[in-house]
Structures are given as C-alpha cells and as structure tokens.
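A short worksheet on the structure shown next.
Each reported figure results from applying straightforward, stated rules to the coordinates on display, with no laboratory input. All values reported here derive from a predicted model rather than from experimental measurement. Here the Cβ positions follow ideal geometry from the backbone for every residue, glycine too, while neighbour counts run over all protein chains shown.
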Amino acid sequence: MGSNVGVSVVIPTYNAEEFISLQLEALLKSSVLPDEIIVSDNGSTDRTPSIVAEWEQKSTLIRRADSSSQRGVSHARNLGCSQAGGKFLLVCDADDIVAPTWAEAMVDALADADLVGSGHQLLLFDEPSSSYQLGDINIQQPQVFEGIPYVLGASMGFKREVFEALEGFDLSYQAGHDEVDFCLRATTQGFQLGWVDKPLIHYRQRSSLTDLAGQMRNYGCTWVQLIMNFSPAFDHKLPSLKLMLRKVLLALPGYLAKGQRTREEIRGFWWNVGVLEGTLRYQVLRTLPQRKLK
C-alpha cells in the first residue's frame, strides 16, 4: 500500500476517557499511517474532549469533530465520515485497540472489494484482577439471515462512494445492528463485501454485567427491527409473540433464583427479552421506526 492513498480513520466516541489514548497511540504506530484520524465526539461529559485535545497537540493527523447535535453511534460515524477527506474510510471504536497492520490490511482488502471487515481477538474483563485479559480469537466473518455476510462496526472499511450511495448509517437503529443494516443495504445495491481473516483488533467486552444485560436487550430488540426492514428482500421468519413470551417466562424463575450468572446466561436471557420487546413493539403494535438516513 502506498503512503498517500487518501485514508481517513473515523472513531465514534462517547465518554471514552479510559481507553481513547490506547486507541490513538495504536493508530499512530500503524505500519502505514492514515492521512487523518477523526475522533467524532458524540457529546462526551468526561475528560474525553481534553484528552483528544492533548493528542491533537502531539500529532497533526488527529482532530476532533463535534457530533453532539444528536446522540448515537450512527450519527457520530456519519458526521465523521462526512468531514473526512479520504477516498478510503476506516471506522474503529474508541475502546478497542487496532493492530499495527490494521489500516494497511484494510485498505489492501479494498482493492478487491467495496466494503471490508476483519477478525478480532477479545479483550475480556477479569474481575479478580480488575483488568482486561486477552481472550478468544475469531477470524470467521459474521453472518445473518442464514448466510448473508456482514462486518463489525468496530473494524470496518469502505470506499467513499459506498458511504455516499447508502446515505450513511441509519439513525433509526438506536442501540445495535446499525452496521449490519449498512452492510445489507450495500449488498442489495450491488457492492462487494470483503474480509480479512486475521485478528486485526483487540475487541473489548463490557466489564459491567448490568451493561451487558442492557446491551443484549437492545441487540434483541434491534434484531427484530432488522428482520422487518429487510423483509422480503431477505426472507427470514420473525419469531411469534407467543414463542418469545414462553421463552422468557419459562426462563425467568431460574434466572432470578440463580445468585451468580455466567456471561452467557446473561446474554441469552436478555437477548430473548429484547426480541420479545421488539416483537411486541414493531410487529404487534406496528411502531417500526422509519429509516433516518443523512
């Protein structure tokens, strides 16, 4: 990869004072530096703005963009990508850590595709040591709807024409599946998805079990939104309200009675709660959010 290819990195950010410096430091150690690194700050109330300001003094590649006018990762991504100057747009998260070869490998993959992603290695919170430890490596490309590929928003790259053709990320997804929606719309418009089967990021998992439960509930709810948005283009059957009620109610006594639950138990239970909520709101009450594109 050449050094002047017009590569912009966009980092949607909200209250990331604990992690943002690790990500910026990693990007500045890239095997081939991007042309710019835009921290799209979605209204942080902690020390994130001042920390980014310090990094702006250290490197002319880094600049902060104010995306506080509307809350949400999709808005932060959209504003950052809109202000970026590169013909290749790379997106990563503020609380992860990219590998030195991340930017180079992603742009190289864009030579044969329009939108690409990569594998990752988990960063898991270890409660006894109160620190993050390296976990499993996953280099398999994720799929939805029984075989349709997508890429994670934490490690995503695309050509500018893809972003412009799709009119950005859909703001109607408030808490999950926004990147899946972006990839599926790209697929339906004929863009080619690619994949780097290497763990190019350390992908940090939530340390708080309460936060994990809330995240999975949101994911379950937006999963129903995703299915309904792409029916019948991708024919995936929605679960019935009766089925989801049965799943949640049958699992509830055991879940409440158990004092200490594993992360997988939390994930499974609250995913089903979210799917139940989404089924009730979007399928039964017919309140599916309208698309909001830039």
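When only residues in region 31-59 that are of a type outside the set (Gly, Ala, Ser), part of a helix (DSSP H, G or I) and closer than 14 Å to residue 13 by Cα count, which is nearest to the chain's Cα centre (by Cα)?
Just the residues of region 31-59 that are of a type outside the set (Gly, Ala, Ser), to begin with: 32-39, 41-42, 45-49, 51-52, 54-58.
Then keep just the ones that are part of a helix (DSSP H, G or I); that gives 48-49, 51-52, 54-58.
Keeping just the survivors that are closer than 14 Å to residue 13 by Cα gives 48-49, 51-52.
Numbers: 48: 19, 49: 21, 51: 23, 52: 21 Å.
Among those residues, the one meeting the criterion is 48.
Looking at this structure, is residue 190 closer than 20 Å to residue 111 by Cα and in a loop (DSSP other than H, G, I, E, B)?
Yes: the conditions hold for residue 190.
If you check 278, 274, which single one turns out to be crowded, with 17+ Cβ neighbours inside 10 Å, under 20 Å from residue 206 (Cα atoms) and among the small types (Gly, Ala, Ser)?
Every option except 274 fails the conditions.
Within region 60-174, considering only strands (runs of 3 or more DSSP E) that don't extend past its boundaries, which have at least 3 residues that are touching a residue at least 60 places away in the same chain (Cβ under 8 Å) and surrounded by fewer than 21 Cβ atoms within 10 Å (Cβ to Cβ)?
Details: elements: 62-66, 88-92, 115-126, 131-138, 155-159.
Of the strands (runs of 3 or more DSSP E) lying wholly inside region 60-174, those with at least 3 residues that are touching a residue at least 60 places away in the same chain (Cβ under 8 Å) and surrounded by fewer than 21 Cβ atoms within 10 Å (Cβ to Cβ) span 115-126, 131-138.
Hey, could you check region 281-292 for residues that are part of a helix (DSSP H, G or I) and of a type outside the set (A, V, I, L, M, F, W, C) and say which is surrounded by the most Cβ atoms within 10 Å (Cβ to Cβ)? Walk me through how you get there before you give the answer.
Of all residues in region 281-292, those part of a helix (DSSP H, G or I) come to 281-284.
Checking which are of a type outside the set (A, V, I, L, M, F, W, C) leaves us with 281-283.
Values: 281: 16, 282: 20, 283: 17.
Per the stated criteria, the residue is 282.
Could you pull out the residue among 246, 206, 261 that is over 23 Å from residue 179 (Cα atoms) and in a loop (DSSP other than H, G, I, E, B)? Spell out the reasoning first.
Working: 246 fails: in a loop (DSSP other than H, G, I, E, B); 206 fails: over 23 Å from residue 179 (Cα atoms).
Unique residue meeting the criteria: 261.
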